[in-house]
1. With n ≥ 4 as the cut-off for DSSP H runs, can you work out [θ] at 222 nm for chain B, using -39500 (n - 2.57) per run divided by the number of residues, rounded to the nearest 500?
2. Cα-Cα pairs above 24 Å in chain A: how many percent?
3. Considering all alpha-carbon pairs of the stretch B:85-168, what whole percent are spaced by more than 16 angstrom?
4. For B:Leu142, B:Leu210, what ranking results if the residue with the fewest other Cβ atoms within 10 Å of its Cβ goes first?
5. Could you rank the peptides A:107-117, A:207-217 by their average count of other C-beta atoms within 10 Å per residue, with the highest value first?
6. For the stretch A:35-40, take each phi angle, set θ = phi - 60°, evaluate the Karplus expression 6.51 cos²θ - 1.76 cosθ + 1.60, and give the result in whole Hz per residue in order, putting x for glycine and proline.
7. Please label the shape of the stretch B:186-253 as rounded, prolate or oblate, based on the square roots a ≥ b ≥ c of the eigenvalues of the alpha-carbon gyration tensor (a/c under 1.5 means rounded; beyond that, a/b larger than b/c means prolate, else oblate).
8. Counting other Cβ atoms within 10 Å, keep those with at most 11, restrict to DSSP loop, and tell me which chymotrypsin sites (Phe, Trp or Tyr not before Pro) in the stretch A:52-82 are left.
Amino acid sequence: MIQKMYDWVDERLNVTPMWRDLADHEVPEHVNPAHHFSAFVYCFGGLTFFITVIQILSGMFLTMYYVPDIVNAYESVKYLQNEVAFGVIVRGMHHWGASLVIVMMFLHTLRVFFTGSYKKPRELNWVVGMLIFFVMLGLGFTGYLLPWDNTAYFATKVGLEIANSVPLIGPYIKTLLTGGDIVGAQTLSRFFAIHVFFLPGALLGLLAGHFIMIRAQGISGPL
Amino acid sequence: MAKHDKDATFVGDSRISAKRIPNIAPSYSDFPGKSEPFWPNFLLKEWMVAAVCLVGFLILTVSHPSPLTDKANPNDTSFVPLPDWYFLFLYQLLKYPWASGDWVVLGTIIIPAVAFGAMVLAPWLDKGKERRAKKRPVATGLMLVSLVGIFYLTWAADHEHSLHHSSNQAGGGAVASGDPNFKPDEIWTKQTSCMGCHGNNMEGMVGPNLQKIGSKYSAEEIEGIIKNGKPPGMPAGLIKDEAEIKKLAEYMAGLK
């Protein structure tokens with residue numbers, strides 16, 4: 001039955017080459033922790049992606065309750081945390097996942113650096129990876145404000161003042177992010193939009209590029 | 001680019017070939033070493049690693065609920081701001097005199113830009129063919145030095161914050177020992193700027209308990225503290241009126 005459905009789709013869309021390309025790319029021995037335990041260092045990239053998926057899923061559930069305005073934001077997070085069934089788990093996963101994703105990405109970057117995997121021909125993939133790193137830091141910075149508690153508010157205020165002290169473009173960056181003179185209603189809306197739409201969009205595009213390049217070039221050889 | 005196979009199944013611009021490719025995995029016996037296919041062999045192992053990771057993650061989540069402080073209050077001057085931990089090293093950099101004030105450009109832009117710029121451009125700065133870390137000492141050395149710097153700055157920021165926090169805690173700890181029956185004089189209850197930190201009844205909140213401050217400081221000393229502040233927490237010049245300061249200091253010096 002499933003085979004018949006597959007054949008039906010395959011006859012019309014020729015999906016087999018695509019599927020074989022995905023399924024058959026060979027995983028060499030030196031990155032396989034089942035053969036060499038020390039190869040676990042090659043897992044950090046995959047784990048970063050795994051936690052990123054968790055972040056996207058838990059974030060989607062958070063937006064079912066979260067209200068991005070200064071009157072209700074804090075109350076909605078508090079309600080989610082204290083009243084909603086498993087709300088504390090969903091928010092907890094998003095909160096701790098944000099830190100874990102940074103840790104995993106940091107370890108992945110170090111693995112790539114110390115194995116010299118960024119060298120020719122993989123220069124472009126390294127640059128895309130660094131851009132992913134910056135997008136992740138941006139997601140961390142914008143997400144930190146959203147609960148609208150004192151920690152969030154003052155950390156963001158300090159962050160924006162630091163941005164403001166950058167010569168020439170600093171004041172423009174600050175105005176762009178705050179949307180006015182003070183950290184207030186506009187700032188929260190902007191951070192929400194950046195955190196939920198702009199940066200995840202950029203992240204998905206960069207991740208696609210990252211993975212397509214890995215498929216095209218393969219994993220770097222053994223040292 | 002469309003392939004123009006003569007034997008296309010469908011009319012028009014179709015790229016679907018009439019020739020079916022069989023959906024069979026190649027034999028991995030031809031590959032070097034113990035290579036294996038990504039699907040399903042390797043992905044299964046990767047999922048096992050992910051499952052172990054997920055268990056640790058969930059234990060962390062369940063045992064440490066994510067924190068939520070009080071609702072944002074822009075007027076709360078006593079709240080000590082701190083960025084999320086992975087920004088601490090950048091934040092700490094700005095606290096050093098050589099990277100703040102007149103030199104703040106060094107801390108906000110030049111050092112981070114050089115560091116992150118070098119990371120982005122690493123493939124072009126380290127062009128040699130050699131991949132092993134030991135065979136390219138400059139790249140490895142710079143990275144190790146940066147790592148030590150990042151870890152040190154993060155630790156220093158956290159350490160300073162906890163020191164600062166514990167000095168607040170000393171004041172906070174006095175809340176418990178504060179006398180609930182203590183009734184401050186009218187001169188105190190007029191000073192809203194004092195009460196914000198030291199409490200309505202001088203019991204201490206962010207600032208220390210002042211109910212027995214006279215046993216520690218004389219009237220002149222209290223006057224000096226009110227006028228000039230006292231690091232780290234007490235700001236200077238909250239009361240402008242000299243006569244008021246004198247009256248308040250004398251009252252407080254009498255509390256023993």
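1. Values: 9 runs with 115 residues, N = 256.
About -14000 deg cm²/dmol.
2. 56 percent
3. Numbers: 2166 of 3486 pairs.
Cα-Cα pairs of the stretch B:85-168 separated by over 16 Å account for 62 percent.
4. With the sparsest Cβ surroundings first, the list reads B:Leu142, B:Leu210.
5. Order by mean packing, descending: A:107-117, A:207-217.
6. Going residue by residue, I get 9, 10, 4, 4, 6, 4 Hz, with x marking Gly and Pro.
7. The shape class here is rounded.
8. Listed in order of number, the matching sites amount to none.
Values in this text are rule-based calculations from the coordinates and carry no lab data. None of these values were measured; they are calculated from a predicted model. Glycine also receives a Cβ, built like all others from the backbone with ideal geometry; neighbour counts cover every protein chain displayed.
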